[in-house]
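Trainee: Could you have a look at this structure, given as structure tokens, before my questions?
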Amino acid sequence: MKPKVLVVEDEPAQMEMLAYNLEKAGFAVLRAVDGEEGLLVARESEPVLIVLDWMLPSLSGIEICRRLRADPATRAIPVLMLTARGEEDDLVRGLDTGADDYVVKPYSVTELLARMRALLRRTSPASAGEILHYGDIILDPERHRVERAGHPLHLGPIEYRLLTVFMERPGRVWSREQLLDRVWGQDADIDFRAVDVAVGRLRKALSLPGGPNPIRTVRGAGYALDLEG
């Protein structure tokens, strides 16, 4: 599945330009035309990154950033702000409220994509093609290969995407609803039982004889990749 990026922009021409170039670069684009819609989409869809315009109707980009950082469901999502304000004080204000980076308008698409990929290398490395390591598990998204303790693992596409989600945030507990969205997509017409079955297959593929269970079940909450638990 393509990594999801949320664009919050109220100018139609800017939105179309951004969406076209981001989709061409391999991202799935979620759209919001104001702050309230942006906050709702961010909570429901958990994009890997948010491109946020500074000047928006009703809620400013600064206020949206504050609310994103105050919400446990969205506080870890990186935010790149688009601003026409080049003054140093304004830029510092944006960073102080939780923005991870900014691009001053007018900007080049090449610069925007470079800054987005730099953020993703830190926060969602698989989306940027980075090799993931956790314990003795290695996932190489460029070569689409997984190894554990030096031995290649043969995973189906669902199990591979599931492991990618787990390895980007080891130890985090993911609910079945969150995994369903991340691995199958929001529009998938399946139930939570499919998540349990896929986790079971992945758990079996990752298990070593006599070794600990690599995927922890948290009763009433979900699952986590946790080799120490």
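Trainee: Separation between the Ala194 and Glu177 pseudo-spin-labels, each 7 Å from Cα along Cα→Cβ, expressed in nm?
Mentor: Between Ala194 and Glu177, the label points sit 1.7 nm apart.
Trainee: I would also like to ask the following. So, for the stretch 1-97, what is the accessible surface per residue at a probe of 1.4 Å, expressed in square angstrom?
Mentor: 46
Trainee: Which distance in Å, rounded to a whole number, links the C-alpha centroids of the stretch 115-189 and the stretch 1-62?
Mentor: Each part reduced to its Cα centre gives a spacing of 23 Å.
Trainee: Could you pull out the longest piece of the chain with no exposed loop trypsin sites (Lys or Arg not before Pro) in it, calling a site exposed if DSSP puts it outside H, G, I, E, B and it has at most 14 other Cβ atoms within 10 Å?
Mentor: It runs 144-218.
Trainee: Percent of accessible area on the chain owned by carbon and sulfur, 1.4 Å probe?
Mentor: Answer for the chain is 50 percent, counting heavy atoms of protein chains only.
Trainee: What does the charge add up to near Leu206, with Lys and Arg as +1, Asp and Glu as -1, over the other residues with Cβ less than 13 Å from its Cβ?
Mentor: Here the count lands on +1.
Trainee: May I pose another question? Hey, what's the stretch 129-188 come to in accessible area per residue, 1.4 Å probe, Å²?
Mentor: That works out to 52 Å² for each residue.
Trainee: Test of understanding: given the chain, find the longest segment containing no GluC sites (Glu not before Pro) that are in a DSSP loop and have at most 16 other Cβ atoms within 10 Å.
Mentor: Segment 1-86 is the longest.
Trainee: On a full-extension model of 0.36 nm per residue, what is the gain between Asp34 and Arg117, subtracting their alpha-carbon distance, rounded to one decimal in nm?
Mentor: That pair, Asp34 and Arg117, stretches by 27.4 nm at full extension.
Trainee: Here's something else I'd like to know. Given H placed on each backbone N at 1.01 Å, which residues far from Lys105 in sequence or on other chains put an amide H within less than 5 Å of it?
Mentor: Amide H neighbours of Lys105, under 5 Å, 5+ apart: Thr83, Ala84, Arg85.
Trainee: Using θ = phi - 60° and the Karplus form 6.51 cos²θ - 1.76 cosθ + 1.60, what ³J(HN,Hα) does each residue of the stretch 106-113 get, whole Hz, x for Gly and Pro?
Mentor: Ordered by residue, 3J(HN,Hα) equals x, 10, 9, 4, 4, 5, 4, 5 Hz.
Trainee: Return the sequence-ordered ³J(HN,Hα) values of the stretch 27-34 in whole Hz as given by the Karplus equation 6.51 cos²θ - 1.76 cosθ + 1.60 applied to θ = phi - 60°, using x for Gly and Pro.
Mentor: Karplus-based 3J(HN,Hα) across the stretch 27-34 equals 9, 8, 9, 9, 10, 8, 9, 8 Hz.
Trainee: Quick one: 3J(HN,Hα) in Hz for the stretch 41-48, Karplus 6.51/-1.76/1.60 with θ = phi - 60°, rounded, Gly and Pro as x.
Mentor: Those phi angles translate into 5, 4, 5, 6, 10, 6, x, 6 Hz.
Trainee: Could you compute the net charge surrounding Phe166? Neighbours are other residues with a C-beta less than 12 Å from the C-beta of Phe166; K and R count +1, D and E count -1.
Mentor: Residues near Phe166 contribute +3 overall.
The values are calculated or read from the model by the stated rules, or taken from the named source; none is laboratory data. Treat the numbers as computed from the prediction; the structure is a model and nothing was measured. Positions of Cβ are generated from backbone atoms using ideal geometry, with glycine treated the same way; all protein chains shown enter the neighbour counts. Protein only, heavy atoms only, side chains kept; ligands, DNA and RNA dropped before computing areas. Shrake-Rupley method; radii C 1.70, N 1.55, O 1.52, S 1.80 Å.
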